[in-house]
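The values are calculated or read from the model by the stated rules, or taken from the named source; none is laboratory data. From a predicted model like this one, the values you see are computed outputs, not experimental measurements. When we count neighbours, we look across all protein chains shown, and the Cβ atoms used for this are built from the backbone with ideal geometry, even at glycine.
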Amino acid sequence: MDLKLIAILRGILPHETRDIVQVLLRSGFRAIEIPLNTPDVYQSIKLAVETSYAFSERPCLIGAGTVLTEQEVSLVHEAGGNLIVSPNVNETVIRQTKKFGMLSAPGVYTASECLRAVNSGADMLKLFPASNLGPSGLKALRAVMPQSLELCAVGGVGDNDFKSYMESGASSFGIGSSLYHPGMPANKVAKKATKTARAFQSSLA
């Protein structure tokens with residue numbers, strides 16, 4: 001992804017999904033997570049995947065968050081998803097994710113959790129809540145991680161924080177309530193997505 005931002009669409013409903021995903025794609029987002037505690041979540045994931053094929057010339061990462069079991073991994077795969085995000089490190093979930101050739105992003109907070117996730121085959125680590133760790137805590141964790149490993153900061157990190165977290169070792173970010181909340185119209189999401197994308201690009205300079 002050129003724009004290393006994951007849009008977290010907690011609470012989105014199927015009838016909203018196409019329009020919301022479409023404006024995110026137009027703003028440069030290429031990764032979308034729909035948490036499993038969302039109503040009709042597998043239908044929304046399926047619609048998001050279909051929309052990405054229709055409106056993006058490049059492959060996208062689309063899948064689910066709050067994934068806790070192997071069965072949930074299988075259901076996301078059946079819906080066409082290729083991204084599994086969990087709030088914890090569950091080795092069986094990670095292995096099932098990799099069995100299907102999907103990207104695994106378990107949630108971590110300590111060095112022990114980070115290394116357990118890496119040893120289980122995780123592709124990316126979701127540092128949560130990133131705002132509690134702060135840039136200094138992130139920098140300390142980064143020092144003991146494989147340098148090629150993607151670290152995604154999630155939770156309380158917004159447009160004004162990108163640069164400090166990237167300087168400390170974050171390479172991507174999950175953006176939730178500051179980008180979308182249930183019922184938000186697509187035109188408002190588009191404005192927020194464009195603003196966030198510009199802030200991220202500016203932080204790279």
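Listed here are the strands (runs of 3 or more DSSP E) enclosed by region 90-185 that have at least 1 residues being in contact with a helix residue (DSSP H, G or I) (Cβ under 8 Å, 6 or more places away or on another chain), at pLDDT below 95 and at positive phi, and there are none.
Just one of the listed residues (GLY81, GLY63, GLY28) is more than 26 Å from GLY169 (Cα to Cα), in contact (Cβ under 8 Å) with a residue 12 or more places away in the chain and not basic (Lys, Arg), and it is GLY81. Could you look through region 164-189, keep only residues that are buried (at least 16 other Cβ atoms within 10 Å of the Cβ) and not small (Gly, Ala, Ser), and pick out the one that is farthest from the chain's Cα centre (by Cα)? The residue in question is MET184. For region 39-58, which positions are modelled with pLDDT under 95 and either closer than 22 Å to PRO182 by Cβ or not in a helix (DSSP H, G or I) (or both)? Correct list: SER56, GLU57, ARG58. Of everything listed in (1) surrounded by fewer than 17 Cβ atoms within 10 Å (Cβ to Cβ); (2) in contact (Cβ under 8 Å) with a residue 24 or more places away in the chain; (3) closer than 19 Å to PRO106 by Cα, the single unmet condition for GLN147 is (2). Checked against (1) surrounded by 22 or more Cβ atoms within 10 Å (Cβ to Cβ); (2) closer than 30 Å to ASN187 by Cα; (3) not hydrophobic (A, V, I, L, M, F, W, C), TYR53 passes all but a single condition, namely (1). Tallying residues that are among the polar types (S, T, N, Q) and assigned to a loop (DSSP other than H, G, I, E, B) within region 4-23 yields 0.
Whether any residue in region 190-204 is more than 16 Å from the chain's Cα centre (by Cα) and either under 18 Å from GLY107 (Cα atoms) or not in a helix (DSSP H, G or I) (or both) is what I want to check. Yes; the residues of region 190-204 include at least one that is more than 16 Å from the chain's Cα centre (by Cα) and either under 18 Å from GLY107 (Cα atoms) or not in a helix (DSSP H, G or I) (or both).
Answer yes or no: is there a residue in region 195-205 that is among the aliphatic types (A, V, I, L, M) and loosely packed, with under 13 Cβ neighbours inside 10 Å. Steps first, answer last, please.
To start, the set of residues in region 195-205 that are among the aliphatic types (A, V, I, L, M) comprises 197, 199, 204-205.
Remaining after also requiring loosely packed, with under 13 Cβ neighbours inside 10 Å: 204-205.
Yes, because at least one residue in region 195-205 is among the aliphatic types (A, V, I, L, M) and loosely packed, with under 13 Cβ neighbours inside 10 Å.
Only residues that are surrounded by fewer than 21 Cβ atoms within 10 Å (Cβ to Cβ) and either basic (Lys, Arg) or modelled with pLDDT of 95 or more (or both): list them for region 59-78, please. Step through it out loud before you land on a result.
Residues of region 59-78 surrounded by fewer than 21 Cβ atoms within 10 Å (Cβ to Cβ): 59, 61, 66, 68-72, 74-75, 77-78.
Within region 59-78, LEU61, THR66, LEU68, THR69, GLU70, GLN71, GLU72, SER74, LEU75, HIS77, GLU78 qualify.
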